[in-house]
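One structure is given here, and the rest of the page talks about it.
Read the figures in this text as sums done on the coordinates, not as results from a lab. The structure displayed is predicted, hence computed values, not measured ones. Positions of Cβ are generated from backbone atoms using ideal geometry, with glycine treated the same way; all protein chains shown enter the neighbour counts.
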Amino acid sequence: MKFRQLMSVSVLALLASAEVHAQESATTDETGLGEIIVTAQKRSESAQDIPVSVAAVGGAVLESKGVTDLFQAVNLVPGVVFSRAPDDGLALTFRGLGTTARPQAFEQSVALFTDGVFIGKGRLYSTSFFDVDRMEFIKGTQSTLLGKNASLGAVSVVTHQPGDKLSFEGRAGYEVEHGGYTIDAAGDMPIGDGTALRLAAHYNDLDGWVKNDVTGKEGPIRKDLGLRAILRSDVSDNLRLTASYQYANNRQIGASYQIVGAVPANLGDPLLNDHTAQFTSLTNNGDTFHRTRSHIASLKAELDLGSHTLISQTSYIHYKLLFLDDFDFTPEDTFNLTRNEKYRQFSEELRIQSPTGEALEYMAGVFFLDNHWNSQELQGWAVPAFPPPPDPASGQLFNGPFLNSFVQDSKAFSVFASGTYRFTDNFRVAGGVRYTREEKDVVFGRTQLTPATVWNSIANPPFDPTPLSHNSDFYDGNISLQYDLNRNVMAYVSFGHGSKAGGFVETNTIAVPPPALVNGKVPAALVAAGASIKDEKTKTYEVGLKTTLLDRKLRFNIAGFWSDIKNFQDTVFTGGPLGFITFNGPSRSRGVEIETALQATHELRFDGGLTYADATGVIQPIDPATSAPQVDGSGNPVYGRYRRSQAPKLIFNIGANYTTALNDAMDFHIDAGLRHRSSMYNQRQELFPSKQLTTVDVTVGIASSENRWGIDLIAKNIGDARSEDFASPTTDPRLGAFYGAYLAGPNAARTITIAARFKY
């Protein structure tokens, strides 16, 4: 009988989607599972009561698993994949759809918010997350309430807010497998009646796991510093102010990408089978280096106007990035890339919302965004030292440095309204509309540097700084129907329409026939045509069931979804003369998600999740013989449907937590989690596959019964499983053409951390 019960529990855990016990938001008592409170719809609501797929991960869970950034956090949530390209470009996908690693001029289709502040650039998605109360992964089209760039979903990071009592907490961890440490500290300080200050700090210095055969160092080394101050003040009985400031300095030294496949013997191991024996970019001028310094400041004002609340959120964001890398994979200085970026953003949202508990609940507001992005990218090419036979013109095609200059000013204005009407105690209808006007003004130029070669005169011809402009008008909206079958079962059906502005991309190689050049430069009209990208439009349909059963001991949710994207903004790196190509094309994703949590006993809990997503796109594939978009014998484009990149069909998580008292003063806990993703492709046309990946994480520890202190042993990827986290052609296409080699970045290797924590 016990065996059957165990098997039943295991099956239930398998059929889940990582609604990973958000302890800070939902406590568990002896009667069953606690309530998970989220702010996915800009109100504090139970996740079981809203017609939205939300996976909430509590801060205590993040801490116990040693999670310090978004890359690690997504491993706790099925249906989400987050990859990092060699140049720190990001690919974040929900249900198999999302913005690929390039270009940087475009925002992600999955928006990021920190304490309600919209983060407008993907660069900041890789910053450290610390002193976090919870993270909410909101799936499906969320453009009505969340607005800009939430057409495929959103991630909301909610930090700990100031408390009314003097307190201090700290945590320190040492990673024993590869070396490095992490330190966190936070404290609350009351300042008079109704006013409190919370200070938080984070620092890590973590060694890498992939060896550079030239320097002898292992990368990537991560050195991250984060500081945050939040001041909350109840100015009066009806006015509350919350001011916050965060500084971050994120540095990465070295890299984890490497050449694999049919690799020449002098360039390393052809297999991705040993993190410590592989190499990163071979260079004589030092390791690759990334540094991003950022500032995020916000002021939130909440004014009670009788039964209504007026909320204003003002924010300012600024970052500077320096990126240095060597992409030739030789001991010579063949290809070096230097990128400098500066970004600043101002945003303001003003909204009014009705009280909760009424037959009609609503909110309405306006949103304004103004940002400036300046990117200067220098590609330095020199004569390759090893042109493989046959010698392609002594490597002259690959000579010739050039400078890309891309400056973009963007403004967006939105007005929105949303409401829920309860027709009966069991039936309610929700809906909303949003109008957005977005304007982008760009100055794009490319300067040819000496020596002048085929590479910087034909493959990447120069052009004068060219002013470009793109204006978009969007009408987005959503509607949902909810019906409570009983007090523990809710069924819903929803539809959402979202948009993401087009514009111009800084990565497209604007290759034109030499006769089209004017004085050796590309005319402005061809620059505009080569860099222009259309607006992206998304429709998402979802039907679901949310249940809380067995006297609140079992939570079981299931949802079916279908997303269609018109003019999906897609990017591919060809590795050939065309380099990066960004284009528009239709894409879709359809599938099912299942979420569950089981409080088997007071001491034992199971969580898990499953997402099946069939994500495909209709594209014009790249002809491998010419590296150009494929055409038929008459020169007409050829199209086909392919699986989306970074889109595994199946992801599931299984987790179990056991906590028991050792004595009156001390508790023991063990937490184990398994994540599996099926195989996936890393480029369109179903190229560069990544094999399936299954990782197991285990945390074992003891803590005081009042949770004043604790000691944990945290093991991630305990089996040291590995697969390609990212893969693409190499920057030097000859490595692919002559050897069949390609570029790959492995997932993180096994880490074992000893951590101690305390609270006062």
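Results, tabulated for the structure shown:
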{"quantity": "Kirkwood Rh and Cα Rg combined as Rg/Rh, segment 627-760", "calculated": "1.23"}
{"quantity": "Segment 144-192 shape via C-alpha gyration tensor axes, a/c threshold 1.5", "calculated": "oblate"}
{"quantity": "Magnitude of the charge dipole, the chain, Cβ model with Lys/Arg +1 and Asp/Glu -1, debye to 20", "calculated": "1120 debye"}
{"quantity": "Helical contribution to [θ] at 222 nm, DSSP H n ≥ 4, -39,500 (n - 2.57), averaged over the chain, rounded to 500", "calculated": "-1500 deg cm²/dmol"}
{"quantity": "Extreme residue, positive dipole direction of the chain, given options 413, 127, 449 (C-beta unit charges)", "calculated": "413"}
{"quantity": "Between 0 and 90°, nearest 10: helix 2-14 axis offset from the chain longest Cα axis", "calculated": "50 degrees"}
{"quantity": "Pairwise FRET efficiency - residue 342 versus residue 665, Cβ, R0 = 51 Å, nearest 0.05", "calculated": "0.40"}
{"quantity": "Dipole of the chain [Lys/Arg +1, Asp/Glu -1 at C-beta], most positive-end residue of 186, 630, 296", "calculated": "630"}
{"quantity": "Partners for residue 500 among lysines (Cα-Cα distance below 21 Å; same-chain residues under 8 apart left out)", "calculated": "42, 121, 139, 148, 411, 440, 534, 537, 539, 566"}
{"quantity": "Dimensionless Rg/Rh of segment 396-493 - Kirkwood Rh, Rg from C-alpha atoms", "calculated": "1.43"}
{"quantity": "Distance in nm between pseudo-label sites at residue 167 and residue 249 (7 Å out along the Cβ direction from Cα)", "calculated": "3.0 nm"}
{"quantity": "Positive-pole candidate from 243, 642, 713, dipole of the chain, charges at beta carbon", "calculated": "642"}
{"quantity": "Within-11-Å neighbourhood charge of residue 717 [Cβ basis; K, R +1; D, E -1]", "calculated": "+1"}
{"quantity": "Share of alpha-carbon pairs per 5 Å distance bin for segment 466-536, given as whole %", "calculated": "3, 12, 16, 12, 10, 8, 7, 7, 6, 5, 5, 4, 2, 2, 1"}
{"quantity": "Percentage relative contact order, the chain, counting C-alpha pairs under 8 Å, at least six apart", "calculated": "13 percent"}
{"quantity": "Ranked packing of 512-519, 416-423, 565-572, most packed first, by mean Cβ within 10 Å", "calculated": "565-572, 416-423, 512-519"}
{"quantity": "Efficiency of FRET between residue 364 and residue 450 - r from beta-carbon atoms, R0 45 angstrom, step 0.05", "calculated": "0.15"}
{"quantity": "Stretch gain in nm, segment residue 672-residue 46, where the contour uses 0.36 nm per residue and the Cα spacing is subtracted", "calculated": "222.7 nm"}
{"quantity": "For segment 2-759: Kirkwood Rh in Å [reciprocal of mean 1/r, alpha carbons]", "calculated": "27.0 Å"}
{"quantity": "Label-to-label distance, nm, for residues given as residue 713 and residue 541 (7 Å Cα→Cβ offset)", "calculated": "5.2 nm"}
